[in-house]
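Remarks on the structure that follows.
The values are calculated or read from the model by the stated rules, or taken from the named source; none is laboratory data. What you see is a predicted model, and the numbers here were worked out from it, not measured in a lab. Quick reminder, even Gly has a Cβ in these numbers, built from the backbone with ideal geometry, and neighbours come from all protein chains shown. Just so you know, the surface numbers come from the protein's heavy atoms only, side chains and all, with ligands and any DNA or RNA stripped out. Shrake-Rupley method; radii C 1.70, N 1.55, O 1.52, S 1.80 Å.
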Amino acid sequence: MERLRKRKEEPQIYPMGAVKTENGMHFSIASVKESCSLVFFEQGKTEPVQTIPLLPEDKIGDVWNITLEGDFRGLAYAYLFDGVLCEDPYGRHFSGRENWGEKYEENRVLHALFSEKEYDWEGDVHPQLSYENSVIYRLHPRGFTRHSSSKVKSRGTFAGITEKIPYLQELGITTVELLPCIEFNEVIPEDKTIWKLDKKFEKFLRKKPEKSSEKQDQKRLEKKAEEEKINVNYWGFIPGLSFAPKASYCSKKEKYPGWEFKDMVKAFHRAGMEVIMDIFFSGQEPQMQVVDVLRYWVQEYHVDGFHLVGFAPVSLLGSDPYLSRVKLFYPSWDGVSRGKYRHLAIYNDYFQNEMRRFLKGDENLLNSLIFHNRRNPADCGVINYMANSNGFTMMDNVSYDTKHNEANGENNQDGTDANASWNCGVEGPCRKKKVMEMRRKQIRNSFLLTFLSQGTPLLLAGDEFGNTQNGNNNAWCQDNEISWLNWNQVKTNADILGFAKEVIRFRKKHPMFHLKQEPKGLDYLSCGMPDISYHGTKAWFPEFESFRRQLGILYCGTYAAQDGGEEDDCFFAAYNMHWEPHEFSLPNLPKGMKWHIVFNTDAKEVQGFYPEGEEKLLEKQKFFMVQPRSIVVFIGKKLCSKTEENIGKKLCGEAGEE
């Protein structure tokens, strides 16, 4: 007996895909094929239980339409076009790919499922954070918590990410960016094998795991890699079923995957944080389908924005009124109407590539430092980072001169050779004290280059505690400890984590480093000082010869108000990327104020910073010697009479001794 029956009605325009009606479901799909049928299956079964042909007279243009009544519980469906079974590109959830890395028969068609319950968002609202008040953290939905050291209940899942929200809050993150989490096929065809393990990598994979569960996972992965030759696209920048969340990123396989993703988004919103999705388009998708994808994730899953990867119709998306308050990241928005709301953002490697060169001491980069430090267009955001998924991590950028991608199985031919990195004297792991100190100082410099710039800062997950990928700058196929975050480094690299937290806290407290508009370099308030000014080693005399690697930047806090309404402080940031020390003359402060040190990346004895309220007072207010490859940030603070008296006694004592 047939469970479903066609309902006759006048042709009308419905949204694409399967849409609930009063007594059933309406199905719409665009195709130029000559024939179309709906094929229904019991969930988990491969044999059809009912096939219903769609009639040409029910077409509107190239869109096949049909409304069905009956009992849809426990059913899944696919389409049959001219005798070929196909997935619904608008399917909201699919069965058959619940287990990550599982090898299925070739050309397998996934069956779309129906959601049986409505989700309760419990009054969820979008935080709608401005770009100037955002700190972005980019993570892989699986690798973020897959390692046993993550200490979460549901490793490698959306639920595992949710468990880490308190950690992200403590770090100071406002926005998470997720690598692709739509339903894509991570298993690569056998003719593109990448599991060609050299002896060194085999030894790495076979090292003794920490827990029995991890040991079992390792053995399973090794067995698949060596016996079945399964190749994994770990990142997921490939075409997929763009309306469905990835089932294998869910902890409860029997649960509708969309619920766990929604639970995660709702939890982030309750914490006042945003969720951005990376989403890939090949350029072959119909443009309106791309628009529908973004609208759907905003409406159905309450995501706050998208990082568009590949080939997207940016003019259409950037001007879409439904997306006018949704964050959209793309390498360039040239020629795109920006609209009333500042929701578009430029996201490319320009900042990373030039600031890495400045970091390692290349010449003729002071103008680039100024450009990136102040860049903050009025109609568009700018995302700044020193490391991202495609390239070295922040730690590897100061530990390797060249890429080491042998584990990818392509003879180290993959991945970029233009890393602008410096290993600080030794390639790879090292125990030499001077080398390790230099690497940590360069990491501290990297944080300051990013977080003292006006654009929106982005951290690659794990960079805050010195995560390494062993020199692999193209780990797209590494679903193992190369890409998984090892959370044990939170303790072993506690100094790096402590510095990262302090830099983020400092930026968020002081609006001079995240203004609503780009600094003008002018005294437009007639207060006697421009909002921002540039200096050489001599105050008020910038030097821009190609061989210069030193720059001072003075910030006037009169141009920015803190949360309480009071003016921000005055700051002076001294950059010296030369391999020799340089003495900077410090600009004069208003009467009654003195310079104090907030950050000094060379001061390893205090891990590069002085906590709030404990900033180090300079005894000599006119000059400061900035050590090689160092950044020093000064804050102008008023002194109480008691402090001034103590300083006076100390200075008099020193004079008497002389």
Original post:
Hey, if we sort Ser28, Ser368 by accessible area with the 1.4 Å probe, largest down, what's the order?
Top reply: Ser368, Ser28
Subject >> Placed amide H near Gln469: partners under 5 Å, 5+ positions off or other chain >> reply: Thr393, Asp396
Subject >> Principal-axis tilt of helix 641-657 within the chain, Cα atoms, nearest 10 degrees >> reply: 50
**OP:** Compute the Cα gyration tensor for segment 489-606, then decide on rounded, prolate or oblate, letting a ≥ b ≥ c be the square roots of its eigenvalues: rounded whenever a/c is under 1.5, prolate when a/b is larger than b/c in the other cases, and oblate in all that remain.
**Re:** oblate
Original post:
At a 1.4 Å probe, what is the % contribution of carbon and sulfur to the accessible area of the chain?
Top reply: 50
Subject >> FRET efficiency, Glu42 to Tyr167 (Cβ-Cβ, R0 45 Å, nearest 0.05) >> reply: 0.60
**OP:** Could you pull out the pairs from Lys164/Lys508; Lys103/Lys403; Lys117/Lys327 whose alpha carbons sit more than 27 Å apart here?
**Re:** Lys103/Lys403; Lys117/Lys327
Original post:
To the nearest 10 Å², what's Thr51's accessible area with a 1.4 Å probe?
Top reply: 70
Original post:
Counting each DSSP H run of 4 or more residues in the chain as -39500 (n - 2.57), what helix-only mean residue ellipticity at 222 nm follows after dividing by all residues, to the nearest 500 deg cm²/dmol?
Top reply: -6500 deg cm²/dmol
Original post:
By the gyration tensor of its Cα atoms, with a ≥ b ≥ c the square roots of the eigenvalues, what is the shape of segment 1-88: rounded for a/c under 1.5, prolate for a/b over b/c, or oblate?
Top reply: oblate
Subject >> Accessible-area order (highest first, 1.4 angstrom probe) of the listed residues Arg507, Arg155, Arg108 >> reply: Arg108, Arg155, Arg507
Original post:
For segment 279-343, what is the accessible area per residue in Å² when the probe is 1.4 Å?
Top reply: 45
Original post:
Rounded if a/c is under 1.5, else prolate if a/b is larger than b/c, else oblate: which is segment 340-418, with a ≥ b ≥ c the root eigenvalues of its Cα gyration tensor?
Top reply: oblate
**OP:** Heads up, I need the accessible area for Trp235: 1.4 angstrom probe, whole protein in place, Å², nearest 10.
**Re:** 30
Subject >> Alpha carbon convex hull of the chain, projected area averaged over orientations, nm² >> reply: 34.1
Original post:
Short version: ³J(HN,Hα) in whole Hz for each residue of segment 527-541, in order, from phi by Karplus 6.51 cos²θ - 1.76 cosθ + 1.60 (θ = phi - 60°), x for Gly and Pro, what are they?
Top reply: 9, x, 8, x, 4, 8, 9, 10, 9, x, 5, 9, 4, 6, 10
**OP:** Measure nothing fancy, just the Cα-based angle from helix 257-270's long axis to the longest principal axis of the chain, in degrees from 0 to 90, nearest 10.
**Re:** 30
Original post:
Which of the pairs Lys591/Lys638; Lys266/Lys516; Lys6/Lys59 have their Cα atoms more than 18 Å apart in this structure?
Top reply: Lys266/Lys516
Original post:
Quick one: helix 494-509 against the long Cα principal axis of the chain, what's the angle to the nearest 10°, folded into 0 to 90?
Top reply: 90
Original post:
If the chain between Asp349 and Met436 were fully stretched, how many nm would it gain, using 0.36 nm times the residue separation less the Cα-Cα distance?
Top reply: 28.7 nm
**OP:** Would you mind checking the pairs Lys441/Lys501; Lys153/Lys604; Lys441/Lys491 and listing those with alpha carbons more than 25 angstrom apart?
**Re:** Lys153/Lys604
Original post:
Ordering Thr21, Thr46, Thr157 from largest to smallest accessible area (1.4 angstrom probe), what's the sequence?
Top reply: Thr46, Thr21, Thr157
